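S.K.: Just dropping this structure here.
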Amino acid sequence: MIYDVVIIGAGPAGLAAGIYGKRAGLNVLVLDTSSISGGQILSTYEIDNYPGFPGVSGTELAESMRSHCDKLGVQFARGRVSAINEKDGLKELVTKKETFTTKTVIIATGASNTKLGCPGEEELSGVGVSYCATCDGAFFKDKEVAVVGGGDVALEDAIYLARFCKKVYLIHRRDEFRGAQVLQQQVMATDKIEIIYDSTVKSINGTDQVESINIYNKKTSDNRQLPVAGIFIAVGTTPNTNSISGLPASDAKGYIVADETCVTSIPGIFVAGDARAKQLRQVITATADGANAITSIEKFLQAK
């Protein structure tokens, strides 16, 4: 079997590509490591910024997208791709059990949030622990929250949350931020943001939702408990591409370089979703990438 396109990953980008690919009359296969489609949104308790679906749970949205794919007859298979090889003008996707042959590939493997690794983080994920302020911030209106990190994203999150939260604690493990100076100035000028330097989060506490966090100051050895309703962890993300050889050019952080056409440095290989180097990583931008990637593939196949 030679596919028109094999999509690696079944998150929002991969599922959108599957829908658009099937509607374009392409022979499509979606290849994922899990039997449950959805990617990162499966761990999102509530999504309030996907147009037309206010308050939908991540699981519900993922199930709806997968159902749409199934209705159109998109094929799915399980497997972890270890290499993408060129052979006779085609692509060979190597997995442990099988090799798939295709004319084009969409890399939609997503990215993973860097975790703090402290007690309570996993248990309270989605019920106060968040990795996306723009996704979940509105649920914490008039409440006290914490942001962890010192880069651009952490500073932007703190500024954003301060617009409607009662108070924002900005916790950073060093004594200075690495984010842009203009963002640092905005943080300093915002009364509702309290900066806590030289500190790390030791635990996240709560029964059914986040109630407080314990922090430790490395310079003073002081332990402190902060009552907060939410904690936004912004210490970085990592693209899920490290285990695949034969990938196109990537940036310094490992994200595959492509503009909104999703065309990469290797002809026939496209990228969509959080694995792509871009400004904003949200469900809506992932699904847009999936659609754009298929449009670029149609043009690529027509030109051959």
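S.K.: Which pairs have Cβ atoms under 7 Å, sit 6 or more apart or on different chains, and link a residue in the stretch 228-247 that is on the phi > 0 side of the Ramachandran plot to one that is buried (at least 19 other Cβ atoms within 10 Å of the Cβ) and at pLDDT 95 or above?
M.R.: Pairs that qualify, where the first residue is on the phi > 0 side of the Ramachandran plot and the partner is buried (at least 19 other Cβ atoms within 10 Å of the Cβ) and at pLDDT 95 or above, are Gly246/Ile84.
S.K.: Oh, and also: Look through the stretch 290-304, keep the residues that are surrounded by 24 or more Cβ atoms within 10 Å (Cβ to Cβ) and either in contact with a strand residue (DSSP E or B) (Cβ under 6 Å, 6 or more places away or on another chain) or basic (Lys, Arg) (or both), and return whichever of them is farthest from Pro12 (Cα to Cα). Before you say what the answer is, go through the steps one by one.
M.R.: Within the stretch 290-304, the first condition is being surrounded by 24 or more Cβ atoms within 10 Å (Cβ to Cβ), and the residues that meet it are 290, 293-294, 297.
Now narrow it down to the ones that are either in contact with a strand residue (DSSP E or B) (Cβ under 6 Å, 6 or more places away or on another chain) or basic (Lys, Arg) (or both): 293, 297.
Values: Ala293: 13, Ile297: 18 Å.
By that ranking, first place goes to Ile297.
S.K.: Would it be correct to say that Ile215 is among the hydrophobic types (A, V, I, L, M, F, W, C) and either under 30 Å from Gly89 (Cβ atoms) or in a loop (DSSP other than H, G, I, E, B) (or both)?
M.R.: Numbers: among the hydrophobic types (A, V, I, L, M, F, W, C): yes; either under 30 Å from Gly89 (Cβ atoms) or in a loop (DSSP other than H, G, I, E, B) (or both): no.
No, not satisfied.
S.K.: In addition: Filter the stretch 31-69 for residues that are of a type in the set (Ser, Thr, Tyr), part of a helix (DSSP H, G or I) and under 14 Å from the mean Cα position of the chain (by Cα) and give the result. It would help to see each step written out before you state the result.
M.R.: Initial filter on the stretch 31-69 (of a type in the set (Ser, Thr, Tyr)): 33-35, 37, 43-45, 50, 57, 59, 64, 67.
Now narrow it down to the ones that are part of a helix (DSSP H, G or I): 43, 59, 64, 67.
Within the stretch 31-69, Ser43 is the sole residue that qualifies.
S.K.: Could you tell me whether Thr102 is at negative phi, buried (at least 16 other Cβ atoms within 10 Å of the Cβ), of a type in the set (S, T, N, Q) and in a strand (DSSP E or B)? Working first, answer last.
M.R.: Numbers: at negative phi: yes; buried (at least 16 other Cβ atoms within 10 Å of the Cβ): yes; of a type in the set (S, T, N, Q): yes; in a strand (DSSP E or B): yes.
Answer is yes for this residue.
S.K.: Got at least one residue in the stretch 4-18 being surrounded by fewer than 21 Cβ atoms within 10 Å (Cβ to Cβ), in a strand (DSSP E or B), in contact with a Leu (Cβ under 6 Å, 6 or more places away or on another chain) and among the hydrophobic types (A, V, I, L, M, F, W, C)?
M.R.: So in the stretch 4-18, the residues surrounded by fewer than 21 Cβ atoms within 10 Å (Cβ to Cβ) come out as 4.
Checking which are in a strand (DSSP E or B) leaves us with 4.
Checking which are in contact with a Leu (Cβ under 6 Å, 6 or more places away or on another chain) leaves us with 4.
Imposing the further condition that a residue be among the hydrophobic types (A, V, I, L, M, F, W, C) reduces the set to none.
Looking through the stretch 4-18, none of the residues is surrounded by fewer than 21 Cβ atoms within 10 Å (Cβ to Cβ), in a strand (DSSP E or B), in contact with a Leu (Cβ under 6 Å, 6 or more places away or on another chain) and among the hydrophobic types (A, V, I, L, M, F, W, C).
S.K.: Right, something else. Test of understanding: among Asp152, Asp136, which residue is more than 20 Å from Asn205 (Cβ to Cβ), in contact (Cβ under 8 Å) with a residue 12 or more places away in the chain and within 18 Å of the chain's Cα centre (by Cα)? Reasoning before the result, please.
M.R.: Working: Asp136 fails: more than 20 Å from Asn205 (Cβ to Cβ).
The match here is Asp152.
Matching residues to (1) part of a loop (DSSP other than H, G, I, E, B); (2) at pLDDT below 95; (3) not hydroxyl-bearing (Ser, Thr, Tyr):
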| position | (1), (2), (3) |
| --- | --- |
| Phe232 | no, no, yes |
| Ser243 | yes, yes, no |
| Gly254 | yes, yes, yes |
| Asp259 | yes, no, yes |
| Ser265 | yes, no, no |
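The values are calculated or read from the model by the stated rules, or taken from the named source; none is laboratory data. Note that the structure is predicted; figures quoted are calculated from it, not measured. Glycine also receives a Cβ, built like all others from the backbone with ideal geometry; neighbour counts cover every protein chain displayed.
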